[in-house]
Amino acid sequence: MLPNRLAASLAAGSAMAKKTNFLSVNQKQMPPHTTSSHKTKRIMILPTSFLILLMAVGCQFTQAYADDGYRLWMRYDPIPDSARLSQCRNTFAALLIATGSPTEDAIKNELLIGIGGLTKGTIPLVNSVDHDGILVIGTPQNSPLIASLPWVKEIEALGPEGYSIRSIKMNGHAVTVIASTGKLGELYGSFDLLRRIQTGLSVTDLAINEQPKLKLRLLNHWDNLNGKIPNGYSGKSIWTWSPTPLDESRVRDYARANASIGINGTVLNDVNANSLYLDAKKLKRVQEIAKILRPYGIRVYLSAKFSAPVVLGGLNTADPLDSNVIVYWKKKADEIYALIPDFGGFLVKANSEGQPGPLTYHRTHADGANMLGNALAPHGGIVIWRTFVYDKRGGGRDGDRTAQAYDQLHGFDGHFASNVMLQVKNGPIDFQPREPFNPLFGAMPKTPLMAEVQIVQEYTGEGKMLVYLGTMWKEFLQADTFAQGPGSTVTKVLEGQLSPQKLTGMAGVANVSDIRNWCEHPFAQANWYAFGRLAWNPELGAEDIAREWVHMTFKSDTETEQKIVKIMMESHEAFVSYETPIGLTHLMGHPSHYVPKPSSRMLYHCADKIGLGFDRTSTGSTGIDCYQSGARDLFANLKTCPENLLLWFHHIPWDHRMASGKTMWDELCLHYQSGVNWVHQTRKVWDGFSGTIDPEQQRLVAQLLAIQEKDAEHWRNVCLTYFQTFSKRPYPDHVKVIPEEGH
Ligand code: GCW
């Protein structure tokens with residue numbers, strides 16, 4: 001059940017003026033559907049009796065709470081099709097798994113709950129292969145059966161996170177095998193199999209070899225000690241700090257969800273860091289969190305405040321070359337690793353938006369990052385140094401924000417310690433609805449680069465708008481940096497295909513909170529899901545990912561599912577149309593980034609009586625020169641510059657003819673209108689799902705779409721009314737602008 005307050009708060013329409021966490025009343029009303037650690041332990045001792053109990057309890061939850069969104073994409077509801085149901089029952093009739101380690105116990109529990117739920121039964125654990133339909137899981141080390149497989153060399157080649165899933169004969173019986181050289185490979189293989197079962201893929205004749213394309217797949221929480229999540233747009237942090245006890249079952253379910261999509265690390269706190277996270281008392285809690293996450297292959301990281309030696313350590317400087325500072329960080333690293341031996345490392349935002357950093361002490365970014373790297377290196381930890389830098393002391397071109405990170409950092413290529421990565425936002429400004437790729441991706445071949453995307457929708461509709469980000473991230477991943485000629489995509493840079501890298505990775509700013517459905521907007525869950533899938537394999541398709549998610553989330557008829565996927569695939573482009581079309585950017589207000597405020601963003605859109613857009617070419621800021629020549633030439637030439645980035649790179653006259661033959665002004669207006677029309681049309685399509693998907697989910701999204709429509713109209717009205725004061729041209733036919741306050 002969704003809260004009545006939701007209807008009340010939504011009834012009034014536009015959310016522009018409100019800041020309501022409408023799902024939060026529902027939080028903690030219902031228990032999680034998984035077991036607590038206490039129950040897990042008992043299941044290990046008495047599997048059968050407790051499994052029966054668990055299944056009974058699970059069914060109850062299924063009926064009572066099926067659609068509150070808590071279970072994310074791991075619903076494990078019974079397979080509706082009877083032929084498929086009986087096939088899965090026969091194929092996965094029993095489980096043979098080596099147990100003893102927390103990871104293997106987690107795998108066993110997940111499969112028993114997952115396959116048990118999907119096939120409406122209890123899955124016995126067996127010790128030998130003496131009949132058909134056994135699922136055998138193991139590594140060559142813990143299972144003689146796996147060690148004796150003729151293709152064991154192939155498994156070894158996949159690495160400890162990789163796995164093989166095969167349908168084979170073992171002792172003359174038809175079985176399914178999940179084999180890996182590592183426990184995490186067993187875990188990821190098990191989640192892969194569960195996904196296959198859930199999404200209706202074949203479960204026979206399996207011959208799958210899989211391994212992640214990127215080594216580090218991290219969530220970045222921007223959570224604070226008081227539980228607040230700046231730019232979170234839903235509930236509070238799922239981490240609590242003593243004396244408040246940790247919600248262990250929720251943290252465990254978070255770990256399950258992340259492991260199911262291959263995420264293997266999490267930064268617990270905001271990059272605008274508080275030094276107190278490094279305090280002994282807080283580290284104890286970090287240790288507790290790490291213990292819950294560890295079986296699921298998730299390492300914890302912390303955002304480190306560069307000035308901690310002063311704030312926490314009582315020193316009078318945080319100069320990275322000062323010997324006391326060096327000793328401080330070494331001791332801090334020793335202290336952390338004594339508690340958390342597999343601690344991942346530090347994420348650092350330095351000399352940006354007021355944060356301290358090495359430039360504060362007239363040192364370089366490399367000095368700062370390497371000093372921290374040296375402190376962590378003996379323990380195997382890494383430093384992830386963000387390139388979102390804003391500090392004039394770093395030098396660089398004036399007046400073009402898109403060039404700052406490049407100007408300040410690309411010269412350090414090859415100067416970072418081997419355990420330092422640079423974390424680079426997808427675009428050169430700041431998670432805007434559409435940006436070209438960040439030029440650093442083509443400019444630092446000797447430095448491991450971690451891509452940073454924002455899952456939380458700070459600039460893409462907060463918790464109120466349906467915007468699937470899978471397509472946006474694919475656009476970024478497929479962008480051509482021309483670093484080694486045409487075809488040098490960001491994906492290849494990240495995967496180390498162009499210049500081999502020891503460290504590779506992708507980070508996503510998390511949209512997870514303590515509200516019942518985790519992310520506020522039901523479709524925001526899809527962005528969490530898509531991030532994990534793309535971090536595992538940036539080559540996956542956005543539509544395939546959407547299809548998987550829709551199937552596991554809505555469980556409807558094929559036609560409805562196809563329509564939902566279509567909505568998702570169109571949603572980002574529509575959003576860009578009604579907020580920042582043709583390469584416009586940064587038109588939002590401050591501090592709320594949800595509302596339009598183009599009049600305060602003259603520096604970004606540069607509207608005047610001649611035209612619109614920021615000239616970054618040789619006649620303007622020259623920011624375009626940060627790109628490698630192939631990309632620069634493409635963007636610089638009006639004939640080849642993609643129209644969806646035109647106003648990003650050029651100041652374009654209002655009457656400039658676009659590819660369509662229309663003037664830029666007319667096309668701009670039509671974009672705003674088409675974005676609004678899309679929401680209008682989508683509302684109608686969504687209303688048609690009444691009765692075909694879960695009623696609560698249907699109603700909630702319908703209400704959110706009503707808000708989205710009003711707010712899209714508001715963006716159109718405000719932006720076009722404002723731009724018309726410069727263009728002095730009439731709106732083309734079918735563009736319905738209603739003048740409003742607010743620009
Ligand atoms: O988009 C901006 C956000 C800041 C954030 C910053 C960053 C954590 O508005 O809140 O700070 O990006 O990425 O550091």
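Taken over the range 477-535, the criterion of being closer than 20 Å to Gly265 by Cβ, assigned to a strand (DSSP E or B) and among the hydrophobic types (A, V, I, L, M, F, W, C) is satisfied by Met506, Ala507, Val509.
Scanning the range 716-737 for residues that are among the basic types (Lys, Arg) and part of a loop (DSSP other than H, G, I, E, B), which turns out surrounded by the most Cβ atoms within 10 Å (Cβ to Cβ)? Steps first, answer last, please.
Start the filter on the range 716-737 by keeping residues that are among the basic types (Lys, Arg), which leaves 716, 728-729, 736.
Add one more test, that the residue is part of a loop (DSSP other than H, G, I, E, B), and what stays is 728-729, 736.
Details: Lys728: 9, Arg729: 15, Lys736: 12.
The residue in question is Arg729.
Counting just the residues of the range 592-605 that are touching a helix residue (DSSP H, G or I) at 6+ places or on another chain (Cβ under 9 Å) and over 19 Å from Thr460 (Cα atoms), which one comes out farthest from the ligand (Cβ to nearest atom)? Only one residue fits best here, namely Ser599. In this structure, is Tyr459 touching a residue at least 24 places away in the same chain (Cβ under 8 Å), touching a His at 6+ places or on another chain (Cβ under 6 Å) and in a loop (DSSP other than H, G, I, E, B)? Judged against the criteria, Tyr459 is a match. Can you find a residue that is at pLDDT 95 or above, among the charged types (D, E, K, R) and farther than 24 Å from Ala451 by Cα anywhere in the range 214-224? The answer is no, given that none of the residues of the range 214-224 is at pLDDT 95 or above, among the charged types (D, E, K, R) and farther than 24 Å from Ala451 by Cα. Scanning the range 193-244 for residues that are within 16 Å of the ligand (Cβ to nearest atom), aliphatic (A, V, I, L, M) and open to solvent by less than 20 Å² (accessible area, probe 1.4 Å) yields Leu218, Leu219. Take the residues of the range 115-170 that are assigned to a loop (DSSP other than H, G, I, E, B) and acidic (Asp, Glu): which is nearest to Arg195 (Cα to Cα)? It comes out as Glu161. For the structure I just gave you, tell me whether Leu112 is in contact (Cβ under 8 Å) with a residue 40 or more places away in the chain, buried (at least 17 other Cβ atoms within 10 Å of the Cβ) and assigned to a helix (DSSP H, G or I). Spelling it out, Leu112 is indeed in contact (Cβ under 8 Å) with a residue 40 or more places away in the chain, buried (at least 17 other Cβ atoms within 10 Å of the Cβ) and assigned to a helix (DSSP H, G or I). Any residue in the range 63-76 that is assigned to a strand (DSSP E or B) and at pLDDT 95 or above? No - not one qualifying residue is present in the range 63-76. Being part of a helix (DSSP H, G or I), of a type in the set (S, T, N, Q) and more than 30 Å from Leu193 (Cα to Cα) holds for only one residue in Ser577, Ser618, and it is Ser577. If the condition is being in contact with a helix residue (DSSP H, G or I) (Cβ under 9 Å, 6 or more places away or on another chain), in a helix (DSSP H, G or I) and either among the polar types (S, T, N, Q) or surrounded by fewer than 22 Cβ atoms within 10 Å (Cβ to Cβ) (or both), then the range 555-564 contributes Thr560, Glu561, Gln562, Lys563. For the range 422-456, residues that are within 15 Å of the ligand (Cβ to nearest atom) and in a strand (DSSP E or B) total 9. In the set Pro581, Pro596, Pro522, only one residue is open to solvent by less than 40 Å² (accessible area, probe 1.4 Å) and touching a strand residue (DSSP E or B) at 6+ places or on another chain (Cβ under 7 Å); that residue is Pro596.
This table checks each residue for (1) within 27 Å of Met371 (Cα to Cα); (2) within 16 Å of the ligand (Cβ to nearest atom); (3) open to solvent by 10 Å² or more (accessible area, probe 1.4 Å); (4) without any contact (Cβ under 8 Å) to a residue 40 or more places away in the chain.
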{"residue": "Ala259", "(1), (2), (3), (4)": "no, no, no, no"}
{"residue": "Asn272", "(1), (2), (3), (4)": "yes, yes, yes, no"}
{"residue": "Lys291", "(1), (2), (3), (4)": "no, no, yes, yes"}
{"residue": "Pro320", "(1), (2), (3), (4)": "yes, no, no, no"}
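In the range 140-153, is there at least one residue being among the polar types (S, T, N, Q), surrounded by fewer than 19 Cβ atoms within 10 Å (Cβ to Cβ) and closer than 21 Å to Thr204 by Cβ? Taking every residue of the range 140-153 in turn, none turns out to be among the polar types (S, T, N, Q), surrounded by fewer than 19 Cβ atoms within 10 Å (Cβ to Cβ) and closer than 21 Å to Thr204 by Cβ.
So that you can scan it fast, the table gives a plain yes or no per residue for (1) farther than 30 Å from Tyr604 by Cα; (2) of a type in the set (Ser, Thr, Tyr); (3) assigned to a strand (DSSP E or B); (4) modelled with pLDDT of 95 or more:
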residue	(1), (2), (3), (4)
Val327	yes, no, no, yes
Asp334	yes, no, no, yes
Tyr337	yes, yes, no, yes
Gln355	no, no, no, yes
Ala369	yes, no, no, yes
Gly373	yes, no, no, yes
Ala377	yes, no, no, yes
Val389	no, no, no, no
Gly396	no, no, no, no
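When Ala451, Ala443, Ala417 are checked against the criterion of being touching a residue at least 12 places away in the same chain (Cβ under 8 Å), buried (at least 24 other Cβ atoms within 10 Å of the Cβ) and among the aliphatic types (A, V, I, L, M), Ala451 stands alone in meeting it. Looking at (1) touching a strand residue (DSSP E or B) at 6+ places or on another chain (Cβ under 7 Å); (2) over 20 Å from Phe431 (Cβ atoms), which one does Asp544 not meet, given that it meets all the others? The failed condition is (1). Looking at Ala403, Ala377, which one is open to solvent by 20 Å² or more (accessible area, probe 1.4 Å) and either more than 16 Å from the ligand (Cβ to nearest atom) or closer than 23 Å to Ile582 by Cβ (or both)? Being open to solvent by 20 Å² or more (accessible area, probe 1.4 Å) and either more than 16 Å from the ligand (Cβ to nearest atom) or closer than 23 Å to Ile582 by Cβ (or both) holds for just one of Ala403, Ala377, which is Ala377.
So which of Glu740, Glu713, Glu696 is surrounded by fewer than 21 Cβ atoms within 10 Å (Cβ to Cβ), under 24 Å from Thr460 (Cβ atoms) and touching a residue at least 24 places away in the same chain (Cβ under 8 Å)?
Glu740
Among the numbered conditions (1) open to solvent by less than 10 Å² (accessible area, probe 1.4 Å); (2) part of a loop (DSSP other than H, G, I, E, B), the only one that Ile384 does not meet is (2). I'm checking my understanding of the structure. Among residues of the range 332-363 that are closer than 22 Å to Gly380 by Cβ and open to solvent by 10 Å² or more (accessible area, probe 1.4 Å), which one is nearest to the ligand (Cβ to nearest atom)? Looking at the filtered set, the residue picked out is Lys332. For Asp625, the conditions (1) surrounded by fewer than 14 Cβ atoms within 10 Å (Cβ to Cβ); (2) over 26 Å from Val718 (Cα atoms) are fulfilled apart from (1). Against the condition charged (D, E, K, R) and out of contact with any helix residue (DSSP H, G or I) (no Cβ under 8 Å at 6 or more places or on another chain), how does Asp711 come out, does it pass? Spelling it out, Asp711 is indeed charged (D, E, K, R) and out of contact with any helix residue (DSSP H, G or I) (no Cβ under 8 Å at 6 or more places or on another chain).
The values are calculated or read from the model by the stated rules, or taken from the named source; none is laboratory data. The shown structure was predicted, so the numbers you read here are calculated from the model rather than taken from an experiment. Here the Cβ is made from the backbone with ideal geometry for all residues, glycine too, and neighbour counts use every protein chain on show. Just the protein is used for accessible areas: all its heavy atoms, side chains included, with ligands, DNA and RNA removed. Shrake-Rupley method; radii C 1.70, N 1.55, O 1.52, S 1.80 Å.
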